[in-house]
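The values are calculated or read from the model by the stated rules, or taken from the named source; none is laboratory data. The structure presented is a predicted model; accordingly, all values stated were derived computationally and were not measured. Note that we place each Cβ from the backbone using ideal geometry, even for glycine, and neighbour counts take in every protein chain shown. The accessibility values were calculated without ligands, DNA or RNA, using every heavy atom of the protein model including side chains. Shrake-Rupley method; radii C 1.70, N 1.55, O 1.52, S 1.80 Å.
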Amino acid sequence: MSLNVVVLLYLVASVCFIQSLKGLSNPKTAARGNLFGMIGMALAVATTVALILQLRPSGHGLPLVLVSVIVGGVIGTVMAERVEMAKMPELVAFMHSMIGLAAVLIAIACVAEPWAFNLVSKGQPIPLDNRVELFLGTIVGAITFSGSVIAYGKLSGGYKLRIFQGAPVVFAGQHWLNLAIGLATLMFGVWFTITQGWTPFLLMTALSFVLGVLIIIPIGGADMPVVVSMLNSYSGWAAAGVGFSLKNPMLIIAGSLVGSSGAILSYIMCRAMNRSFISVILGGFGATATSSAANSQARGVKTGAPEDAAYLLSQASSIIIVPGYGLAVSRAQHALFELTTKLQHCGVQVRYAIHPVAGRMPGHMNVLLAEAEVPYEQVFEMDSINSEFTQTDVVLVLGANDVVNPAALDPSSPIAGMPILEAYKARTVIVNKRSMAAGYANLDNELFYMDKTMMVFGDAKQVLEDMVKAVEVSIH
């Protein structure tokens, strides 16, 4: 196989990746986008294996490569098959961490035996440009790995260790410590670039791992969608850095696509939260919030049973449903679809309102509804649905909190200016939650105390199933 053929095949794979990103930008074409991505990756792997055979006709090392591909493919397939929708953000964080770790390990191998990667002849120093690429790729990869591990712990919420809990971890002098470690990391990186020594390389790598932990622990659960997209961008740049070091155009193109798309998505997420990207990196919502669930217990709310909510919904002419993370936790999307189908048979107009940062990763709610086969035509983004709340009879909020919190209208609130779904403008609001506990931002929600709001407490799946039964009774 000639070099021109290799470059051509890598180019075709790159076009598949571009088409994959284009397809994934819309729910209607997401399946096709996934298919393009799989074809592109399969082509890239096959081309790389063929290139290895050409460079090493004896096939030395190829069995290990093939075993690694098979083992990794099996593990990935099993994880994808078994993961619950509520655990999808953790899976994404895990994948990001693996990409970062792979970048670091490849960089270590390049420094140890650069001749094995055709960077230099044996015994010759690594060229300066490759050292710079290894320096940058290692830092980004290490930060991506350790930061993703912390994000995984915060998203799972199942670990007792303080740094893995959703609340921000802050302490005096934190930003100065981060700055000092960041400068020291750069200093050791420059030292490595000049000398190609193992000591500065290992110190640079270790400090990068520490820095990844320190920049994520002060970020609270409210900012997790931005963290996920940010780490996605980091993983892409880490892969691109490795691609430059290995002189592999496929890695460079694919990494750049992931890095740039992740950066754009992070910017979109920050706009949706009225936050600057720097403020998200330096701290989270929860670090400044003072409200708590304990305060909410002292205030009265109007409560009702699922049957009461079902009656209000069946008597409405139009309803808007606002899904949140609580819906994912309860795995109630199919029960919700059954309820809305019955309501539509009664002549009720049903629409879904999606906030850009609802859930724990970008697009979490869109994926959740797509799994339940909710028609795409009924799903609306925040900007296109907000003007409709004033003409809506009933809004059903399921497990959402911060994204419908009118506190964003208060200039003194920690979430001041954050764009929200304007559910409070509807004629009637029904909110389903397990309890009056605060959301990720740890703020009381004034929507829950309005005269027009009825709280229905309980597991979302059970509540929705009870609503379905009540609607069936009313129909018959």
Cβ-Cβ under 9 Å pairs, at least 6 apart or on other chains, the range 129-141 side closer than 16 Å to Ala206 by Cβ, far side outside any helix (DSSP H, G or I): Leu134/Ile126
Test result for Leu101, crowded, with 16+ Cβ neighbours inside 10 Å and under 29 Å from Gly153 (Cα atoms): yes
Whichever residue in the range 378-396 is under 22 Å from the mean Cα position of the chain (by Cα) and within 28 Å of Arg331 (Cβ to Cβ) and, among such residues, is surrounded by the fewest Cβ atoms within 10 Å (Cβ to Cβ): Glu381
For Trp191: the one exception among (1) at pLDDT 95 or above; (2) over 15 Å from Ile139 (Cβ atoms): (2)
Filter result for Val169 (without any contact (Cβ under 8 Å) to a residue 24 or more places away in the chain, out of contact with any Cys (no Cβ under 8 Å at 6 or more places or on another chain), open to solvent by less than 60 Å² (accessible area, probe 1.4 Å) and not in a helix (DSSP H, G or I)): no
When residues of the range 388-415 are limited to those that are of a type in the set (A, V, I, L, M) and assigned to a loop (DSSP other than H, G, I, E, B), the one nearest to Asp308 (Cα to Cα): Ala400
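Scan the range 362-377 for residues that are surrounded by fewer than 24 Cβ atoms within 10 Å (Cβ to Cβ) and either within 23 Å of Met230 (Cα to Cα) or out of contact with any helix residue (DSSP H, G or I) (no Cβ under 8 Å at 6 or more places or on another chain) (or both) and jot them down.
Those that are surrounded by fewer than 24 Cβ atoms within 10 Å (Cβ to Cβ) and either within 23 Å of Met230 (Cα to Cα) or out of contact with any helix residue (DSSP H, G or I) (no Cβ under 8 Å at 6 or more places or on another chain) (or both): Gly363, Asn366, Val367, Pro375, Glu377.
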Pairs, first open to solvent by 50 Å² or more (accessible area, probe 1.4 Å) in the range 45-68, second outside any helix (DSSP H, G or I) and among the hydrophobic types (A, V, I, L, M, F, W, C), C-beta under 6 Å, six or more apart: Gln54/Met1
Evaluation of Met79 against (1) free of Cβ contacts under 8 Å to residues at least 40 places away in the same chain; (2) touching a Cys at 6+ places or on another chain (Cβ under 6 Å) (one fails), failing number: (2)
Unique residue being of a type in the set (Gly, Ala, Ser), on the phi > 0 side of the Ramachandran plot and at pLDDT below 85 when the list is Gly157, Gly173: Gly157
Residue identified as of a type in the set (Gly, Ala, Ser) and either open to solvent by less than 10 Å² (accessible area, probe 1.4 Å) or touching a strand residue (DSSP E or B) at 6+ places or on another chain (Cβ under 7 Å) (or both) among Ala437, Ala470, Ala407, Ala426: Ala426
Scan of the range 239-281 for residues that are over 25 Å from Leu3 (Cα atoms), among the small types (Gly, Ala, Ser) and at pLDDT 80 or above, ordered by number: Gly259, Ser260, Ser261, Gly262, Ala263, Ser266
Residues (among the aromatic types (Phe, Trp, Tyr) and in a helix (DSSP H, G or I)) located in the range 324-373: Tyr325, Phe337
